[in-house]
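Asker: Got a structure for you, questions after.
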Amino acid sequence: MNQKDLKKYRKNLRVQRKEVLLNKILDNKRTNEPLEIIIKTEDNKKVKEKVAKQMQSLGKITHVFQKIPYISLVCMADDAEQIFNKINRKQTSRIFEKSFRYSLNAAKSVDLSGKFSAIPTKIISGTYRNTKSDLWNLEMIGAYKAHSNSRGNNAKIAIIDTGVDYNHDELRKNFTYNKGYDFVENSNNPMDKEGHGTHVAGTAAGKSCGVAPDATLYSLRVLNEYGSGTDADVAAAIEWAVTNNMHVANMSLGGPGASSALEEICRIASQNGLLLVAAAGNTGGVDAEYPAAFGDYVIAVAAVDSEKKHAYFSTIWETNDISAPGVGIYSSLLGGGYTVLSGTSMATPHVAGGLGLLMAKSNKPNLAEEIMHEAAEKIPYNGEYDYRWVFGSGLLRTDIMVDNFSLKGRIQRLKNIKSYKSTIKNVAKTAWRILY
Amino acid sequence: MSQKQHGGYSTKMQENKNLENSIENTYNAKVEKNFFNDDQLTSKIKEMGFEIKREIELIDTYCLKLYIPEYIEKKGDYITEKVQELANLEHILRVEKAVEIKALNKKQEQYKTNQNQQPY
């Protein structure tokens, strides 16, 4: 490329970057969401630090780079627009304070972070979290709000799957010395050899991807490295979960054949207070996938996408109980790192984690399930099938579940106290009659 | 390099073989409650050519695999006969074929991010 062409190329690139930023500003103004921008300052350390300090009044500084004259900032779209206009010498509707004008005069350019930048982004936590990020699924089900009341501490969740990479950074803290059991190879080492279980576990209880990040996980490996297993091994895993007092068992697995053995163990487990959560299936049609289709004993989970629409692959059946995000779910990858998977398998651990948040507060599985249904968000639907067959009660909402669980728990305790008082009163009356 | 990472055809063959191995000639037998772990009964079952792969005590069920001797030519008939014999054993309540269970992820869009990069 000669110098003239290179100049033209760079100019086009600058125009493109501005367009990208302006489009993003427009989008985020509509949705009232923050965005991250990168501001280039004068190449002077003191100037850069002064600009960063002043920009703090507009948003959250996420990075002040040491070797290059840039700072990155998360702010609301309106503020980003004003900064952009000022830096690009356009008319601004906002009068910046004098001290602020220094920063804006010292700024050379502004770009949208993450698009053209080679600089790694940092995690943004708290108020300025980008809701259109990788973890939109947690935002959608109200998990972040729920975390202010419960993070699943004390909840025991069994992952009945291909195993779990319990050494993964995302999951390490969820495991104790008792990792679970490997029913495929009959050993005490239920390490994942396929990847499916590790992803599922991350959504259920991963430290940054998980619905119940403080829950304790147990890996029960029943599917081999090809993701296949037998109903007997699944039944044995459920038996293990009952014997070891699990609160919730996640089963992101299924088959078209109904097994009496599996149905019976599901019934007994449910009667023993174990909450069984299973994937509805990925047939894309009206079908029964087991164990999800065992009805009352198992909570069957259907999948929706980021627009809250029915995922095209999610099986439709009369026993569907609830829906959760299952398209493009970001979670832990076997061996390290993260990956994106889709399926009702991915929807299921949202529900397992959600129930874990409740069971952490109080061991009342029937109440937890009842509240899960009551709290579900109704999803708009104009399709040909019965709503409940597609979505169950609706979209999982862990924030409302946790709020209602606490309130209901209190009301129930109050009722119990009242009935206790009434019982004492009746006993006293009877005793009085007998004696006098 | 694992089996899975070989060429597509041979991987599929291996996968099918593994699927077959896991449920082929495998049956779940429900036993009367008081006779679960009864030595006499388990001996009879083994003599018939079944191996006990799994015991599920909560539901009094054995997962059994039938091994077919090499000299048997009509394997289908042999299997039918043996399974019927098992079902007719005293204290056996029910025999059913094992069912295959699979992981339910739809499609894989797999990429490995920076090892230490947590989600944004």
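Asker: Looking at the square roots a ≥ b ≥ c of the eigenvalues of the Cα gyration tensor of the stretch A:136-413, which shape do they give, rounded for a/c under 1.5, prolate if a/b is larger than b/c, or oblate? It would help to have the intermediate numbers written out before the result.
Answerer: On the way: a/c = 1.26, a/b = 1.12, b/c = 1.13.
Because its axes are fairly even, with a/c under 1.5, the stretch A:136-413 counts as rounded.
Asker: Separate question: For the stretch A:162-237, count all C-alpha to C-alpha pairs, find those more than 21 Å apart, and express that count as a whole percent of the total. Could you put the intermediate results ahead of the total?
Answerer: Details: 576 of 2850 pairs.
When every Cα pair of the stretch A:162-237 is considered, 20 percent fall beyond 21 Å.
Asker: Okay, moving on. Provide the packing ranking of A:226-236, A:262-272, A:240-250, i.e. peptides ordered by the mean count of other C-beta atoms within 10 Å per residue, highest first.
Answerer: Ranking the peptides A:226-236, A:262-272, A:240-250 by packing returns A:226-236, A:240-250, A:262-272.
Asker: Using 1/(1 + (r/R0)^6) with R0 = 41 angstrom and r between the beta carbons of A:Lys45 and A:Glu307, what's the FRET efficiency to the nearest 0.05? All intermediate terms of the calculation are to be shown ahead of the outcome.
Answerer: Numbers: r = 46 Å, r/R0 = 1.12.
Efficiency computed from Cβ-Cβ geometry: 0.35.
Asker: Right, here's the next one. Within 10 Å of each Cβ in A:237-245, how many Cβ atoms from other chains are there, averaged over the peptide?
Answerer: 2
Asker: Related question: Based on the Cα gyration tensor of the stretch A:229-268, what are the three equivalent ellipsoid semi-axes, each the root of five times an eigenvalue, rounded to whole Å and given largest first?
Answerer: 17, 11, 9
Asker: Set the bar at 20 Å for Cα to Cα. Now go through A:Lys364/A:Lys425; B:Lys82/B:Lys102; B:Lys65/B:Lys97; A:Lys173/B:Lys106; B:Lys30/B:Lys65; A:Lys193/B:Lys102 and name every pair that lies beyond it.
Answerer: A:Lys364/A:Lys425; B:Lys82/B:Lys102; A:Lys173/B:Lys106
Asker: Based on the Cα coordinates of the stretch A:314-436, what is the per residue volume of their convex hull in Å³?
Answerer: About 157 Å³ per residue, rounded to a whole number.
Asker: Can you give me the distance in nm between label points at B:Glu51 and A:Asp78, each placed 7 Å from the Cα along the Cα-to-Cβ direction?
Answerer: 7.2
Computed from the coordinates by the stated procedures, all read-outs in this text should not be read as laboratory data. Please read all numbers here as calculations on a predicted model, not as lab measurements. Using ideal geometry, Cβ is built from the backbone for each residue, glycine included, and neighbour counts are taken over all protein chains shown.
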